[in-house]
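The values are calculated or read from the model by the stated rules, or taken from the named source; none is laboratory data. This one's a predicted model, so the numbers in the text were calculated from it and none came from an experiment. Note that each Cβ is placed from the backbone with ideal geometry, even for glycine, and that neighbours are counted across all protein chains shown.
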Ligand code: SAH
(Lines give C-alpha, C1' and ligand atoms only; values in the text may rest on other atoms or scores of the structure.)
Protein backbone atom coordinates (compact mmCIF):
# COMPACT_ATOMS: atom_id res chain seq x y z
CA UNK A 1 0.00 0.00 0.00
CA UNK A 2 1.54 3.33 -1.01
CA UNK A 3 -0.74 5.54 1.10
CA UNK A 4 -2.55 5.02 4.38
CA UNK A 5 -6.26 5.73 3.90
CA UNK A 6 -7.63 7.75 6.82
CA UNK A 7 -10.54 10.11 7.41
CA UNK A 8 -9.46 13.40 8.95
CA UNK A 9 -11.58 15.52 11.25
CA UNK A 10 -10.97 19.14 10.14
CA UNK A 11 -14.09 20.68 11.66
CA UNK A 12 -13.32 24.27 12.70
CA UNK A 13 -9.62 23.72 12.07
CA UNK A 14 -7.60 26.03 9.91
CA UNK A 15 -6.97 24.63 6.42
CA UNK A 16 -4.81 26.62 4.05
CA UNK A 17 -5.81 26.77 0.39
CA UNK A 18 -3.34 28.48 -1.93
CA UNK A 19 -4.88 29.50 -5.25
CA UNK A 20 -7.89 31.53 -6.35
CA UNK A 21 -9.14 29.92 -9.57
CA UNK A 22 -11.47 27.16 -10.66
CA UNK A 23 -9.44 24.22 -9.36
CA UNK A 24 -9.01 25.93 -6.01
CA UNK A 25 -12.78 26.53 -5.95
CA UNK A 26 -13.40 22.76 -6.21
CA UNK A 27 -11.04 22.10 -3.32
CA UNK A 28 -12.63 24.93 -1.33
CA UNK A 29 -16.04 23.33 -1.78
CA UNK A 30 -14.72 19.98 -0.54
CA UNK A 31 -12.98 21.45 2.53
CA UNK A 32 -16.09 23.50 3.31
CA UNK A 33 -18.26 20.38 3.17
CA UNK A 34 -15.98 18.83 5.78
CA UNK A 35 -16.42 21.87 8.05
CA UNK A 36 -12.95 23.39 7.68
CA UNK A 37 -12.12 26.94 8.74
CA UNK A 38 -10.70 27.94 5.40
CA UNK A 39 -7.86 30.38 4.82
CA UNK A 40 -7.54 31.21 1.12
CA UNK A 41 -4.32 32.78 -0.14
CA UNK A 42 -4.16 34.21 -3.69
CA UNK A 43 -3.31 37.55 -5.28
CA UNK A 44 -6.87 37.59 -6.54
CA UNK A 45 -9.72 35.33 -5.47
CA UNK A 46 -12.38 34.50 -8.09
CA UNK A 47 -16.09 34.94 -7.44
CA UNK A 48 -16.52 31.24 -8.21
CA UNK A 49 -14.22 30.34 -5.32
CA UNK A 50 -15.95 32.76 -2.99
CA UNK A 51 -19.30 31.22 -3.82
CA UNK A 52 -17.94 27.80 -2.80
CA UNK A 53 -16.85 28.97 0.66
CA UNK A 54 -18.61 29.61 3.91
CA UNK A 55 -18.93 33.44 4.00
CA UNK A 56 -18.55 33.65 7.76
CA UNK A 57 -15.69 31.33 8.60
CA UNK A 58 -13.51 31.80 5.49
CA UNK A 59 -10.57 34.19 5.62
CA UNK A 60 -9.24 35.63 2.33
CA UNK A 61 -5.65 36.84 2.14
CA UNK A 62 -5.27 38.55 -1.23
CA UNK A 63 -1.48 38.27 -1.42
CA UNK A 64 1.38 36.08 -2.55
CA UNK A 65 1.99 32.98 -0.46
CA UNK A 66 4.30 33.33 2.55
CA UNK A 67 5.44 30.46 4.71
CA UNK A 68 3.92 32.21 7.69
CA UNK A 69 0.44 31.59 6.22
CA UNK A 70 0.82 27.97 7.30
CA UNK A 71 0.86 28.97 10.95
CA UNK A 72 -1.78 27.00 12.86
CA UNK A 73 -2.96 25.06 9.77
CA UNK A 74 -3.73 21.33 10.03
CA UNK A 75 -3.79 20.85 6.27
CA UNK A 76 -2.58 22.65 3.14
CA UNK A 77 -3.66 22.43 -0.46
CA UNK A 78 -1.87 24.22 -3.30
CA UNK A 79 -3.92 24.74 -6.45
CA UNK A 80 -2.11 27.42 -8.40
CA UNK A 81 -0.78 27.46 -11.98
CA UNK A 82 2.65 28.50 -10.69
CA UNK A 83 4.95 25.54 -10.33
CA UNK A 84 7.31 27.50 -8.07
CA UNK A 85 4.50 28.55 -5.70
CA UNK A 86 3.17 24.99 -5.52
CA UNK A 87 6.66 23.76 -4.72
CA UNK A 88 7.15 26.42 -2.05
CA UNK A 89 3.86 25.48 -0.35
CA UNK A 90 4.79 21.80 -0.49
CA UNK A 91 8.27 22.30 0.96
CA UNK A 92 7.19 24.71 3.69
CA UNK A 93 4.29 22.48 4.78
CA UNK A 94 6.43 19.36 4.88
CA UNK A 95 9.00 21.18 6.93
CA UNK A 96 6.33 22.03 9.48
CA UNK A 97 4.88 18.49 9.37
CA UNK A 98 1.59 19.71 7.87
CA UNK A 99 -0.06 17.30 5.42
CA UNK A 100 0.03 18.90 1.96
CA UNK A 101 -1.58 18.23 -1.39
CA UNK A 102 -0.59 19.87 -4.64
CA UNK A 103 -3.24 19.38 -7.27
CA UNK A 104 -2.08 17.08 -10.10
CA UNK A 105 1.51 16.92 -8.86
CA UNK A 106 1.78 13.66 -6.89
CA UNK A 107 5.52 14.12 -6.31
CA UNK A 108 4.79 17.27 -4.25
CA UNK A 109 2.03 15.66 -2.17
CA UNK A 110 2.21 14.07 1.24
CA UNK A 111 -1.45 13.12 0.94
CA UNK A 112 -3.80 12.63 -1.97
CA UNK A 113 -7.48 13.41 -2.18
CA UNK A 114 -9.50 10.32 -3.11
CA UNK A 115 -12.53 10.06 -5.34
CA UNK A 116 -15.47 9.96 -2.97
CA UNK A 117 -18.97 8.59 -2.82
CA UNK A 118 -20.63 10.84 -0.29
CA UNK A 119 -23.64 9.53 1.59
CA UNK A 120 -22.67 11.32 4.78
CA UNK A 121 -22.15 10.14 7.39
CA UNK A 122 -21.28 7.17 5.18
CA UNK A 123 -18.38 8.06 2.90
CA UNK A 124 -16.55 5.75 0.51
CA UNK A 125 -13.10 6.93 -0.56
CA UNK A 126 -11.36 5.49 -3.61
CA UNK A 127 -7.78 5.97 -4.64
CA UNK A 128 -5.38 4.50 -7.17
CA UNK A 129 -2.49 6.02 -5.15
CA UNK A 130 -2.21 8.63 -7.88
CA UNK A 131 -1.57 6.07 -10.62
CA UNK A 132 -4.82 6.55 -12.52
CA UNK A 133 -7.43 9.09 -11.43
CA UNK A 134 -9.63 7.95 -14.33
CA UNK A 135 -9.66 4.40 -13.00
CA UNK A 136 -10.61 5.72 -9.56
CA UNK A 137 -13.48 7.62 -11.13
CA UNK A 138 -14.68 4.50 -12.95
CA UNK A 139 -14.63 2.53 -9.70
CA UNK A 140 -16.45 5.41 -8.05
CA UNK A 141 -19.19 5.11 -10.70
CA UNK A 142 -19.57 1.42 -9.86
CA UNK A 143 -19.79 2.15 -6.13
CA UNK A 144 -22.21 5.03 -6.74
CA UNK A 145 -24.66 2.66 -8.40
CA UNK A 146 -24.37 0.12 -5.59
CA UNK A 147 -24.66 2.33 -2.53
CA UNK A 148 -28.29 3.35 -2.06
CA UNK A 149 -28.98 7.09 -1.98
CA UNK A 150 -30.27 6.87 1.59
CA UNK A 151 -27.36 4.80 2.92
CA UNK A 152 -26.29 7.88 4.89
CA UNK A 153 -29.70 8.07 6.60
CA UNK A 154 -29.31 4.42 7.54
CA UNK A 155 -25.86 5.06 9.02
CA UNK A 156 -27.24 8.00 11.02
CA UNK A 157 -30.12 5.91 12.40
CA UNK A 158 -27.77 3.10 13.41
CA UNK A 159 -25.52 5.66 15.07
CA UNK A 160 -28.43 7.02 17.08
CA UNK A 161 -28.90 3.52 18.60
CA UNK A 162 -25.25 2.84 19.32
CA UNK A 163 -25.14 3.82 22.97
CA UNK A 164 -28.38 2.06 23.82
CA UNK A 165 -27.29 -1.13 22.08
CA UNK A 166 -23.98 -0.97 23.90
CA UNK A 167 -25.60 -0.68 27.29
CA UNK A 168 -28.25 -3.32 26.52
CA UNK A 169 -25.93 -5.94 25.01
CA UNK A 170 -22.67 -5.86 26.87
CA UNK A 171 -20.91 -8.78 25.16
CA UNK A 172 -18.96 -7.73 22.10
CA UNK A 173 -19.74 -10.87 20.07
CA UNK A 174 -23.44 -10.64 20.78
CA UNK A 175 -23.46 -6.99 19.88
CA UNK A 176 -21.79 -7.77 16.57
CA UNK A 177 -24.46 -10.39 15.85
CA UNK A 178 -27.19 -7.95 16.78
CA UNK A 179 -25.93 -5.35 14.30
CA UNK A 180 -25.55 -8.02 11.65
CA UNK A 181 -29.11 -9.17 12.21
CA UNK A 182 -30.32 -5.57 11.92
CA UNK A 183 -28.51 -5.14 8.62
CA UNK A 184 -29.86 -8.48 7.37
CA UNK A 185 -33.40 -7.52 8.39
CA UNK A 186 -35.92 -5.30 6.63
CA UNK A 187 -34.50 -2.20 8.37
CA UNK A 188 -32.16 -1.12 5.55
CA UNK A 189 -34.77 -1.53 2.81
CA UNK A 190 -37.31 0.39 4.87
CA UNK A 191 -34.88 3.28 5.25
CA UNK A 192 -33.91 3.19 1.58
CA UNK A 193 -37.62 3.30 0.77
CA UNK A 194 -38.10 6.40 2.93
CA UNK A 195 -39.97 4.63 5.76
CA UNK A 196 -37.74 5.71 8.60
CA UNK A 197 -40.36 5.51 11.33
CA UNK A 198 -41.28 1.92 10.49
CA UNK A 199 -37.58 1.07 10.38
CA UNK A 200 -37.03 2.57 13.83
CA UNK A 201 -40.02 0.61 15.14
CA UNK A 202 -38.57 -2.63 13.84
CA UNK A 203 -35.17 -1.82 15.30
CA UNK A 204 -36.80 -1.12 18.67
CA UNK A 205 -38.50 -4.53 18.54
CA UNK A 206 -35.26 -6.25 17.72
CA UNK A 207 -33.45 -4.49 20.54
CA UNK A 208 -36.24 -5.44 22.96
CA UNK A 209 -35.85 -9.04 21.92
CA UNK A 210 -32.10 -8.98 22.13
CA UNK A 211 -32.12 -7.65 25.66
CA UNK A 212 -34.43 -10.44 26.82
CA UNK A 213 -32.49 -13.08 25.02
CA UNK A 214 -29.85 -14.43 27.31
CA UNK A 215 -29.33 -17.67 25.41
CA UNK A 216 -25.94 -18.57 24.00
CA UNK A 217 -25.38 -17.45 20.43
CA UNK A 218 -26.02 -20.19 17.92
CA UNK A 219 -23.12 -20.89 15.61
CA UNK A 220 -23.43 -21.88 12.00
CA UNK A 221 -21.30 -23.34 9.23
CA UNK A 222 -21.16 -22.11 5.65
CA UNK A 223 -19.74 -24.62 3.22
CA UNK A 224 -18.74 -22.42 0.32
CA UNK A 225 -17.25 -23.15 -3.07
CA UNK A 226 -14.61 -20.56 -3.91
CA UNK A 227 -14.35 -21.48 -7.59
CA UNK A 228 -11.14 -22.29 -9.44
CA UNK A 229 -9.07 -19.19 -8.60
CA UNK A 230 -10.24 -16.01 -10.32
CA UNK A 231 -11.99 -14.00 -7.56
CA UNK A 232 -14.43 -12.59 -10.11
CA UNK A 233 -15.85 -16.12 -10.36
CA UNK A 234 -17.07 -16.09 -6.76
CA UNK A 235 -20.85 -16.12 -6.45
CA UNK A 236 -22.62 -13.19 -4.78
CA UNK A 237 -23.72 -15.50 -2.01
CA UNK A 238 -20.18 -16.75 -1.44
CA UNK A 239 -18.98 -13.15 -1.10
CA UNK A 240 -21.79 -12.28 1.29
CA UNK A 241 -20.96 -15.19 3.58
CA UNK A 242 -17.23 -14.48 3.28
CA UNK A 243 -17.92 -11.07 4.76
CA UNK A 244 -20.00 -12.54 7.54
CA UNK A 245 -17.78 -15.33 8.83
CA UNK A 246 -15.85 -15.03 12.10
CA UNK A 247 -13.48 -17.86 11.31
CA UNK A 248 -12.41 -19.44 8.04
CA UNK A 249 -11.10 -22.95 7.45
CA UNK A 250 -9.60 -22.92 3.99
CA UNK A 251 -7.93 -25.26 1.54
CA UNK A 252 -4.67 -25.06 -0.29
CA UNK A 253 -6.63 -24.58 -3.51
CA UNK A 254 -8.18 -21.28 -2.43
CA UNK A 255 -6.19 -18.54 -4.15
CA UNK A 256 -4.61 -15.61 -2.24
CA UNK A 257 -6.75 -13.22 -4.32
CA UNK A 258 -9.85 -14.91 -2.95
CA UNK A 259 -8.50 -14.92 0.60
CA UNK A 260 -8.05 -11.15 0.25
CA UNK A 261 -11.84 -10.81 -0.09
CA UNK A 262 -12.52 -12.18 3.40
CA UNK A 263 -13.57 -10.02 6.28
CA UNK A 264 -10.20 -8.61 7.37
CA UNK A 265 -10.63 -9.47 11.04
CA UNK A 266 -11.78 -13.04 10.42
CA UNK A 267 -9.53 -15.71 11.92
CA UNK A 268 -7.97 -17.86 9.20
CA UNK A 269 -7.11 -21.52 9.67
CA UNK A 270 -5.28 -23.39 6.92
CA UNK A 271 -6.42 -26.99 6.68
CA UNK A 272 -5.17 -27.54 3.13
CA UNK A 273 -4.22 -30.88 1.81
CA UNK A 274 -1.47 -31.81 -0.54
CA UNK A 275 -0.85 -35.11 -2.26
CA UNK A 276 0.44 -37.69 0.18
CA UNK A 277 0.56 -34.98 2.80
CA UNK A 278 -2.57 -34.35 4.78
CA UNK A 279 -1.67 -31.75 7.43
CA UNK A 280 -5.16 -31.81 8.96
CA UNK A 281 -6.97 -35.15 8.58
CA UNK A 282 -10.56 -34.95 7.30
CA UNK A 283 -11.99 -36.21 10.61
CA UNK A 284 -10.21 -33.45 12.43
CA UNK A 285 -11.56 -30.82 10.05
CA UNK A 286 -15.08 -32.12 10.68
CA UNK A 287 -14.56 -31.86 14.41
CA UNK A 288 -13.06 -28.36 14.15
CA UNK A 289 -16.16 -27.17 12.29
CA UNK A 290 -18.35 -28.52 15.06
CA UNK A 291 -16.16 -27.11 17.81
CA UNK A 292 -16.18 -23.55 16.41
CA UNK A 293 -19.90 -23.60 15.60
CA UNK A 294 -20.68 -24.79 19.14
CA UNK A 295 -18.66 -21.85 20.43
CA UNK A 296 -21.20 -19.61 18.66
CA UNK A 297 -19.03 -18.72 15.68
CA UNK A 298 -20.03 -18.24 12.09
CA UNK A 299 -17.68 -20.71 10.50
CA UNK A 300 -16.79 -20.53 6.84
CA UNK A 301 -15.51 -23.72 5.26
CA UNK A 302 -14.00 -22.39 2.07
CA UNK A 303 -13.14 -24.92 -0.61
CA UNK A 304 -11.65 -24.69 -4.06
CA UNK A 305 -14.11 -25.13 -6.94
CA UNK A 306 -17.39 -26.73 -5.92
CA UNK A 307 -17.60 -28.37 -2.49
CA UNK A 308 -19.60 -31.32 -3.83
CA UNK A 309 -17.21 -32.17 -6.65
CA UNK A 310 -14.20 -34.12 -5.35
CA UNK A 311 -14.40 -31.89 -2.32
CA UNK A 312 -15.59 -34.21 0.47
CA UNK A 313 -18.25 -31.58 1.17
CA UNK A 314 -20.80 -34.35 1.63
CA UNK A 315 -18.79 -35.93 4.43
CA UNK A 316 -18.40 -32.64 6.28
CA UNK A 317 -22.11 -31.86 6.04
CA UNK A 318 -23.10 -35.35 7.19
CA UNK A 319 -21.10 -34.83 10.36
CA UNK A 320 -22.63 -31.37 10.92
CA UNK A 321 -26.15 -32.73 10.41
CA UNK A 322 -25.39 -35.50 12.91
CA UNK A 323 -24.21 -32.90 15.43
CA UNK A 324 -27.28 -30.72 14.79
CA UNK A 325 -25.25 -27.75 13.62
CA UNK A 326 -27.11 -25.45 11.22
CA UNK A 327 -25.35 -25.06 7.87
CA UNK A 328 -25.65 -23.54 4.46
CA UNK A 329 -24.01 -24.75 1.29
CA UNK A 330 -23.00 -22.56 -1.61
CA UNK A 331 -21.97 -24.16 -4.89
CA UNK A 332 -18.91 -22.89 -6.69
CA UNK A 333 -17.64 -23.04 -10.24
CA UNK A 334 -15.86 -26.34 -10.48
CA UNK A 335 -12.35 -26.53 -11.95
CA UNK A 336 -13.62 -28.35 -15.07
CA UNK A 337 -16.00 -25.51 -15.97
CA UNK A 338 -13.63 -22.72 -15.05
CA UNK A 339 -10.57 -24.17 -16.77
CA UNK A 340 -12.51 -25.24 -19.87
CA UNK A 341 -14.02 -21.77 -20.30
CA UNK A 342 -10.77 -19.90 -19.77
CA UNK A 343 -8.94 -22.30 -22.07
CA UNK A 344 -11.60 -21.96 -24.79
CA UNK A 345 -12.78 -25.58 -24.73
CA UNK A 346 -16.55 -26.16 -24.69
CA UNK A 347 -17.11 -29.32 -22.64
CA UNK A 348 -20.00 -30.43 -24.82
CA UNK A 349 -20.69 -29.60 -28.45
CA UNK A 350 -23.45 -30.70 -30.76
CA UNK A 351 -20.97 -32.15 -33.27
CA UNK A 352 -18.30 -33.54 -30.96
CA UNK A 353 -19.52 -34.48 -27.49
CA UNK A 354 -23.00 -35.22 -26.17
CA UNK A 355 -21.86 -35.83 -22.64
CA UNK A 356 -19.06 -35.02 -20.23
CA UNK A 357 -17.66 -37.03 -17.35
CA UNK A 358 -15.74 -35.70 -14.36
CA UNK A 359 -13.34 -38.39 -13.21
CA UNK A 360 -10.74 -38.58 -10.46
CA UNK A 361 -7.22 -39.53 -11.48
CA UNK A 362 -6.28 -40.17 -7.89
CA UNK A 363 -5.20 -43.75 -7.37
CA UNK A 364 -6.71 -45.51 -4.37
CA UNK A 365 -4.69 -48.38 -2.91
CA UNK A 366 -2.46 -48.50 -5.99
CA UNK A 367 -5.36 -49.19 -8.37
CA UNK A 368 -7.74 -47.32 -10.62
CA UNK A 369 -11.30 -48.32 -9.90
CA UNK A 370 -12.47 -46.75 -13.16
CA UNK A 371 -14.98 -47.89 -15.75
CA UNK A 372 -12.52 -47.88 -18.64
CA UNK A 373 -15.06 -49.21 -21.13
CA UNK A 374 -17.24 -46.18 -20.51
CA UNK A 375 -14.31 -43.81 -20.70
CA UNK A 376 -13.27 -44.92 -24.19
CA UNK A 377 -16.75 -44.39 -25.70
CA UNK A 378 -16.79 -41.84 -28.56
CA UNK A 379 -18.64 -38.49 -28.65
CA UNK A 380 -17.93 -37.55 -25.06
CA UNK A 381 -15.53 -35.38 -23.09
CA UNK A 382 -13.64 -36.69 -20.10
CA UNK A 383 -12.23 -34.33 -17.51
CA UNK A 384 -9.70 -35.79 -15.12
CA UNK A 385 -9.16 -34.07 -11.78
CA UNK A 386 -6.04 -34.82 -9.72
CA UNK A 387 -4.34 -36.53 -12.63
CA UNK A 388 -0.98 -34.83 -13.07
CA UNK A 389 1.11 -37.63 -11.57
CA UNK A 390 -0.97 -40.38 -13.15
CA UNK A 391 -1.32 -38.74 -16.57
CA UNK A 392 0.94 -41.15 -18.42
CA UNK A 393 -0.70 -44.22 -16.89
CA UNK A 394 -4.18 -42.94 -17.67
CA UNK A 395 -3.32 -42.22 -21.32
CA UNK A 396 -1.72 -45.65 -21.68
CA UNK A 397 -4.78 -47.36 -20.23
CA UNK A 398 -7.13 -45.48 -22.55
CA UNK A 399 -5.04 -46.37 -25.62
CA UNK A 400 -4.73 -50.02 -24.52
CA UNK A 401 -8.50 -50.26 -24.09
CA UNK A 402 -9.02 -49.03 -27.64
CA UNK A 403 -9.28 -45.23 -27.53
CA UNK A 404 -7.73 -43.59 -30.60
CA UNK A 405 -4.18 -42.51 -29.71
CA UNK A 406 -4.70 -39.27 -31.69
CA UNK A 407 -7.56 -38.17 -29.42
CA UNK A 408 -6.82 -34.55 -28.49
CA UNK A 409 -5.92 -33.72 -24.88
CA UNK A 410 -5.39 -30.42 -23.08
CA UNK A 411 -3.85 -30.04 -19.65
CA UNK A 412 -4.68 -26.77 -17.90
CA UNK A 413 -2.51 -25.63 -15.01
CA UNK A 414 -3.94 -23.23 -12.38
CA UNK A 415 -6.85 -22.41 -14.65
CA UNK A 416 -8.55 -18.97 -14.49
CA UNK A 417 -5.59 -17.47 -12.58
CA UNK A 418 -2.77 -15.34 -13.96
CA UNK A 419 -0.61 -18.48 -13.79
CA UNK A 420 -2.86 -20.37 -16.18
CA UNK A 421 -0.92 -22.45 -18.69
CA UNK A 422 -2.31 -24.84 -21.24
CA UNK A 423 -0.45 -27.68 -22.90
CA UNK A 424 -2.11 -29.47 -25.81
CA UNK A 425 -1.34 -32.81 -27.39
CA UNK A 426 -2.81 -36.23 -28.01
CA UNK A 427 -3.23 -39.31 -25.83
CA UNK A 428 0.03 -40.54 -27.35
CA UNK A 429 2.21 -37.51 -26.60
CA UNK A 430 0.59 -35.38 -23.90
CA UNK A 431 2.45 -36.95 -20.96
CA UNK A 432 5.84 -36.16 -22.55
CA UNK A 433 4.75 -32.62 -23.42
CA UNK A 434 3.47 -31.94 -19.94
CA UNK A 435 6.69 -33.27 -18.42
CA UNK A 436 8.76 -31.07 -20.77
CA UNK A 437 6.68 -28.01 -19.86
CA UNK A 438 7.10 -28.70 -16.14
CA UNK A 439 3.45 -28.01 -15.33
CA UNK A 440 2.65 -27.82 -11.63
CA UNK A 441 -0.47 -28.88 -9.74
CA UNK A 442 -3.29 -28.14 -9.72
CA UNK A 443 -3.98 -29.22 -13.25
CA UNK A 444 -6.99 -30.52 -15.03
CA UNK A 445 -6.91 -32.84 -18.04
CA UNK A 446 -9.53 -32.54 -20.74
CA UNK A 447 -9.77 -35.40 -23.22
CA UNK A 448 -11.93 -35.39 -26.34
CA UNK A 449 -12.49 -33.86 -29.77
CA UNK A 450 -13.76 -30.62 -28.22
CA UNK A 451 -10.13 -29.74 -27.42
CA UNK A 452 -9.61 -28.99 -31.13
CA UNK A 453 -12.11 -26.13 -30.92
CA UNK A 454 -9.62 -24.29 -28.76
CA UNK A 455 -7.81 -22.97 -31.82
CA UNK A 456 -10.83 -20.84 -32.61
CA UNK A 457 -12.15 -20.12 -29.13
CA UNK A 458 -9.24 -19.42 -26.83
CA UNK A 459 -9.32 -15.92 -25.45
CA UNK A 460 -7.84 -15.75 -21.97
CA UNK A 461 -4.40 -14.14 -21.61
CA UNK A 462 -1.33 -15.14 -23.61
CA UNK A 463 -1.30 -18.57 -22.08
CA UNK A 464 -0.35 -20.71 -25.06
CA UNK A 465 2.67 -22.90 -24.47
CA UNK A 466 5.09 -23.42 -27.31
CA UNK A 467 4.47 -27.00 -28.34
CA UNK A 468 7.15 -28.92 -26.48
CA UNK A 469 8.92 -32.04 -27.67
CA UNK A 470 7.05 -35.32 -28.02
N1 LIG B 1 -13.76 -29.21 -5.48
C2 LIG B 1 -12.79 -28.87 -6.50
C3 LIG B 1 -11.90 -30.04 -6.84
C4 LIG B 1 -11.05 -30.49 -5.70
S5 LIG B 1 -10.00 -31.81 -6.15
C6 LIG B 1 -13.54 -28.36 -7.74
O7 LIG B 1 -14.75 -28.47 -7.83
O8 LIG B 1 -12.87 -27.82 -8.62
C9 LIG B 1 -8.51 -30.98 -6.55
C10 LIG B 1 -8.27 -30.98 -8.02
O11 LIG B 1 -9.06 -29.99 -8.66
C12 LIG B 1 -6.87 -30.63 -8.43
O13 LIG B 1 -6.00 -31.73 -8.30
C14 LIG B 1 -7.05 -30.25 -9.86
O15 LIG B 1 -7.22 -31.39 -10.67
C16 LIG B 1 -8.39 -29.55 -9.83
N17 LIG B 1 -8.29 -28.09 -9.77
C18 LIG B 1 -8.78 -27.28 -8.84
N19 LIG B 1 -8.54 -25.98 -9.14
C20 LIG B 1 -7.89 -25.98 -10.30
C21 LIG B 1 -7.38 -24.95 -11.15
N22 LIG B 1 -7.50 -23.66 -10.85
N23 LIG B 1 -6.77 -25.32 -12.30
C24 LIG B 1 -6.64 -26.61 -12.62
N25 LIG B 1 -7.11 -27.61 -11.86
C26 LIG B 1 -7.73 -27.32 -10.73
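How many of the residues in region 310-330 are in contact with a helix residue (DSSP H, G or I) (Cβ under 8 Å, 6 or more places away or on another chain) and within 25 Å of residue 363 (Cα to Cα)?
Count: 3.
Taking region 304-333 as the search range and keeping residues that are touching a residue at least 24 places away in the same chain (Cβ under 8 Å) and part of a helix (DSSP H, G or I), which one is nearest to the ligand (Cβ to nearest atom)?
Per the criteria, the residue is 313.
Identify all residues within region 390-417 that are away from the ligand (no atom under 12 Å from the Cβ) and in a strand (DSSP E or B); write none if there are none.
First, the residues of region 390-417 that are away from the ligand (no atom under 12 Å from the Cβ): 392-409.
Across region 390-417, the qualifying residues are 408, 409.
Residues being surrounded by 19 or more Cβ atoms within 10 Å (Cβ to Cβ) and more than 17 Å from residue 423 (Cβ to Cβ): count how many of those fall in region 390-403.
2
May I ask you to list the residues in region 280-303 that are under 16 Å from residue 268 (Cβ atoms) and assigned to a loop (DSSP other than H, G, I, E, B)?
Residues satisfying the conditions are 280, 297.
Is it true that some residue in region 263-280 is within 13 Å of the ligand (Cβ to nearest atom) and touching a helix residue (DSSP H, G or I) at 6+ places or on another chain (Cβ under 8 Å)?
No, region 263-280 contains no residue that is within 13 Å of the ligand (Cβ to nearest atom) and touching a helix residue (DSSP H, G or I) at 6+ places or on another chain (Cβ under 8 Å).
Filter region 220-255 down to residues that are without any contact (Cβ under 8 Å) to a residue 40 or more places away in the chain and more than 13 Å from the ligand (Cβ to nearest atom), then give me how many there are.
Summing the residues that are without any contact (Cβ under 8 Å) to a residue 40 or more places away in the chain and more than 13 Å from the ligand (Cβ to nearest atom) in region 220-255 gives 5.
Working carefully through the options 191, 165, 123, 182, find the one that is in contact (Cβ under 8 Å) with a residue 24 or more places away in the chain and not in a helix (DSSP H, G or I).
When all the criteria are applied, what remains is 123.
Of the numbered conditions (1) away from the ligand (no atom under 16 Å from the Cβ); (2) touching a helix residue (DSSP H, G or I) at 6+ places or on another chain (Cβ under 6 Å), residue 435 satisfies every one except a single condition; which is it?
Single failed check for residue 435: (2).
Considering 336, 387, which residue is more than 27 Å from the chain's Cα centre (by Cα), crowded, with 17+ Cβ neighbours inside 10 Å, closer than 20 Å to residue 251 by Cα and within 13 Å of the ligand (Cβ to nearest atom)?
Result: 387 is the single residue among 336, 387 that is more than 27 Å from the chain's Cα centre (by Cα), crowded, with 17+ Cβ neighbours inside 10 Å, closer than 20 Å to residue 251 by Cα and within 13 Å of the ligand (Cβ to nearest atom).
I'd like to check something: does region 362-376 contain any residue that is closer than 20 Å to residue 430 by Cα, more than 16 Å from the ligand (Cβ to nearest atom), not in a helix (DSSP H, G or I) and not assigned by TED's automatic domain parsing to the domain that holds residue 246?
Yes: one or more hits.
Here is a list: 196, 220. Which entry is closer than 30 Å to residue 115 by Cα and touching a helix residue (DSSP H, G or I) at 6+ places or on another chain (Cβ under 9 Å)?
Numbers: 220 fails: closer than 30 Å to residue 115 by Cα.
Answer to the selection: 196.
Got at least one residue in region 289-303 being within 11 Å of the ligand (Cβ to nearest atom), surrounded by fewer than 20 Cβ atoms within 10 Å (Cβ to Cβ), within 17 Å of residue 224 (Cα to Cα) and assigned by TED's automatic domain parsing to the domain that holds residue 237?
no
Among the numbered criteria (1) crowded, with 19+ Cβ neighbours inside 10 Å; (2) assigned to a loop (DSSP other than H, G, I, E, B); (3) within 11 Å of the ligand (Cβ to nearest atom), which single criterion is violated by residue 441?
Going through the list (1) crowded, with 19+ Cβ neighbours inside 10 Å; (2) assigned to a loop (DSSP other than H, G, I, E, B); (3) within 11 Å of the ligand (Cβ to nearest atom), residue 441 breaks only (1).
If you scan region 224-238, which residues turn out to be outside any strand (DSSP E or B) and closer than 20 Å to residue 342 by Cβ?
226, 228, 229, 230, 231, 232, 233, 234, 235, 238, listed by residue number.
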